[in-house]
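Throughout, read-outs are computed from the coordinates displayed, never taken from laboratory work. This is a predicted model, so every value here is computed, not measured. Cβ atoms come from the backbone with ideal geometry, glycine included; neighbour counts cover every protein chain shown.
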Amino acid sequence: MRHKAQIKMFETMAVLVIFFFLLVGGAAFYFQIQKSSMQREIDKQQQLIAFQVVQKALFLPELDCSFVSIQKDNCFDKLKVKQLSLLLNDPENEDFFIDYFNVFGFADIKVTQIYPRVNQTFVYTLYKNIPDDYSSIISTQSPVLLFDAVENRYDFGIVEVDVYAE
Amino acid sequence: MKKRGLEMQAHWIFILIAGAIILAFFFSIVAKQKSLSEQKISITLSANIEAVFSGAIESKGTAQLLTVPKDGIDFDCSEACDCNFWIGDKSTSFRDKIIFAPKKVIGQDATAWSSEWKLPFRVSNFLYITNPNVKYYIVYVPNTNSARIFDRINKTLPPGLNIAVLKDPGAVPSIPYEGFQETKFVFLDVPDSSINLAGLDTAFRKKDVSAVNIHQNTITFYEKEPGELYFTSGTSPFVGEALMFASIFSADKQMYDCGLQAAFLKLNHVAQIIYGRAKMIQQNLSLSKPECVYVLGDFNALMQLSGEFSSGIEFSQKIPGITAAANAIARENKNLILLSCPEIY
């Protein structure tokens, strides 16, 4: 009789062990799916952030081309690009750089003239702040007009924005 | 027989304990999952709303409707000007965005309207957020400077706002409470002595009521003590139409001052860039176009004054200097256009 009860107890325990085994397996599978869905969400958020940085760079009042106070879309003034680049890369003007960290965060923004090609290429790194450790880079390139105020001429250029996700 | 009964009891106790452990396990998983999912929704919503704000702020001069999450969006600026918007428990910093909004936007779709702040060149875009749950009473005195300000405001404000216009400041105490979540009185250059907010209908006592009085270079904010019809006032400087609207849409003086501080910092940066650009043009054109002379003394004044920004009343004494410098730069720019020279900005 005692032997029978022991067998019954073992049976119940075996059922419980199998039940928990299945439960742990199911939970592991579920959390794996959750993790990949979370990762997709994080990627989506990073793309949103990158898009915002590109948008900010393209609409910066510091760089716009305006004529009689009317702005031209997708246009950078070459001299303003040069001046902002000088100020942001001036080691003695660290506060200026820190203020722009609020705008761009961890990013690398470069403006390059692509047409017409001239001997002295117009390439300026507007802002560069790369973290020591990052998980991904989202790169975008946007075409812009580059206005040369001295020559009163438009050139074509590209704004390359690399946004770093920690 | 007695022994068998004991065994049966132990068996049932074992089943009960095991059942309780299994149930507790499931309940803890469900609770954790619920809180995680709520956090995830808040984070996703915050990121999406931030992206919408970023887009809206760039489309200057346009008003657009924003769908507000069920629990609403809270806006707040701390004394250290750490400005955030909250969706649920998730806070998101304004970062570089200059936003003016009520303390809470809830219930109905919000109106997001952006406007550019020029001095005389474009310095920054401001984003104003409000919704039909806020009632604005615009109070002005006909045939005075007040009426001129009203004309400017009336032409520019976007549609979809709950606005009532009063031509007599004395009529304010007779306004009944209409059940709005927030009521804001906008006095346009009305003498402070004729503002009687303490005499408001007692129904306003426990409601959210505030007021601003827009003067020449200053704005007086009136903020109500909770549960009392007692208002404290504070004054901040302002320059330009965009900042006038900022005072109307700000939750309080703190939010306005923080936006103002960010705006002046940006003015200082943009002025430095335009000044440097103008100097470069001058150097490049000194031989080919000697008639193009860039007089840039006013930039120094603009950069210096914007660098000295403080939100206190004493800074409002410097506003005429800033306005004068901005006007002089605008005139100089106009002269250069007439001479077919590259513009300053």
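General observations
- Summed side-chain charge close to residue B:89 - residues other than residue B:89 whose Cβ falls under 11 Å, Lys, Arg +1, Asp, Glu -1: -2
- At most 15 other Cβ within 10 Å, DSSP loop - GluC sites (Glu not before Pro), segment B:173-252: B:178, B:228
- Proximal charge balance of residue A:47 [Cβ under 12 Å; K/R count +1, D/E count -1]: 0
- Length-normalised contact order of segment B:132-251 in % [C-alpha pairs under 8 Å, at least 6 apart]: 22 percent
- For segment B:1-130, the Kirkwood estimate of hydrodynamic radius, built from reciprocal distances between every pair of different alpha carbons, is 18.4 Å.
- Gyration tensor verdict on chain B (Cα atoms; rounded if a/c is under 1.5, prolate if a/b is larger than b/c, oblate otherwise): oblate
- Cut-off under 5 Å, modelled amide H: who pairs with residue B:181 long-range: none
- Segment A:132-154 and segment B:276-323 have Cα centres spaced 27 Å apart.
- For segment B:192-204, backbone phi angles converted through the Karplus equation (6.51, -1.76, 1.60; θ = phi - 60°) give residue-by-residue couplings of 4, 5, 9, 9, 10, 7, 5, x, 4, 3, 4, 4, 7 Hz, Gly and Pro being listed as x.
- Backbone N under 11 Å from the residue B:21 label point (7 Å along Cα→Cβ), restricted to segment A:1-36: A:13, A:16-17, A:20
- Rounded to whole Hz, the Karplus (6.51, -1.76, 1.60) HN-Hα couplings of segment B:164-181, x for glycine and proline: 10, 10, 10, 9, 9, x, x, 7, 4, x, 8, 6, x, 6, 9, x, 6, 4
- Across chain B, Cα pairs under 8 Å and at least six residues apart give a relative contact order of 13 percent.
- Distance violations [Cα-Cα > 26 Å] among A:80/B:118; B:104/B:167; B:70/B:207: B:104/B:167
- For segment B:109-219: rounded, prolate or oblate by the Cα gyration tensor [a/c cutoff 1.5]: oblate
- Straight-line reach from residue A:35: taking Cα to Cα under 19 Å and skipping same-chain neighbours fewer than 8 places apart, the lysines in range are A:44, B:32, B:34, B:40.
- Antiparallel bridges, percent of DSSP beta bridges restricted to the protein assembly as shown (to nearest 5): 75 percent
- Counted residue by residue at 0.36 nm each, then reduced by the alpha carbon distance between them, the extension gain from residue B:202 to residue B:10 reaches 62.2 nm.
- Computed over chain A, the P(r) curve from all C-alpha pair distances, binned at 10 Å from the origin, holds 9, 27, 22, 11, 7, 7, 6, 5, 4, 1, 0 percent per bin.
- Value at 222 nm in deg cm²/dmol, rounded to 500, when DSSP H runs of n ≥ 4 in chain A each add -39,500 (n - 2.57): -17000 deg cm²/dmol
- Of the DSSP H helices in chain A, those whose Cα atoms cover at least 18 Å axially and whose Kyte score averages 0.0 or more: A:2-58
- Cα pair distances in the protein assembly as shown, grouped into 20 Å bins until the bin that holds the longest one, percent each: 19, 42, 24, 10, 5, 1, 0
- Taking chymotrypsin sites (Phe, Trp or Tyr not before Pro) across segment B:170-230, the ones in a DSSP loop with at most 12 further Cβ atoms lying within 10 angstrom of their Cβ are B:230.
- When the Cα gyration tensor is reduced to axis lengths a ≥ b ≥ c, the ratio a/c is 1.5 or higher for segment B:106-170, and with a/b not above b/c it is classed as oblate.
- Extents of segment B:261-338, largest first, come to 47, 19, 15 Å (Cα atoms, principal axes, whole angstrom).
- Using the Karplus relation 6.51 cos²θ - 1.76 cosθ + 1.60 with θ = phi - 60°, the per-residue 3J(HN,Hα) values for segment B:134-142 come to 9, 9, 10, 9, 8, 10, 9, 10, x Hz, with x marking Gly and Pro.
- Amide H contacts under 5 Å for residue B:144, placed H, 5+ residues apart: none
- Seen from residue A:97, the other residues with C-beta closer than 12 Å to its C-beta sum to a net charge of -4, counting Lys and Arg as +1 and Asp and Glu as -1.
- Within segment B:19-126, GluC sites (Glu not before Pro) in DSSP loop having at most 15 other beta-carbon neighbours inside 10 Å: B:79
- Between the C-alpha center of segment B:183-226 and that of segment A:24-71 there is a gap of 41 Å.
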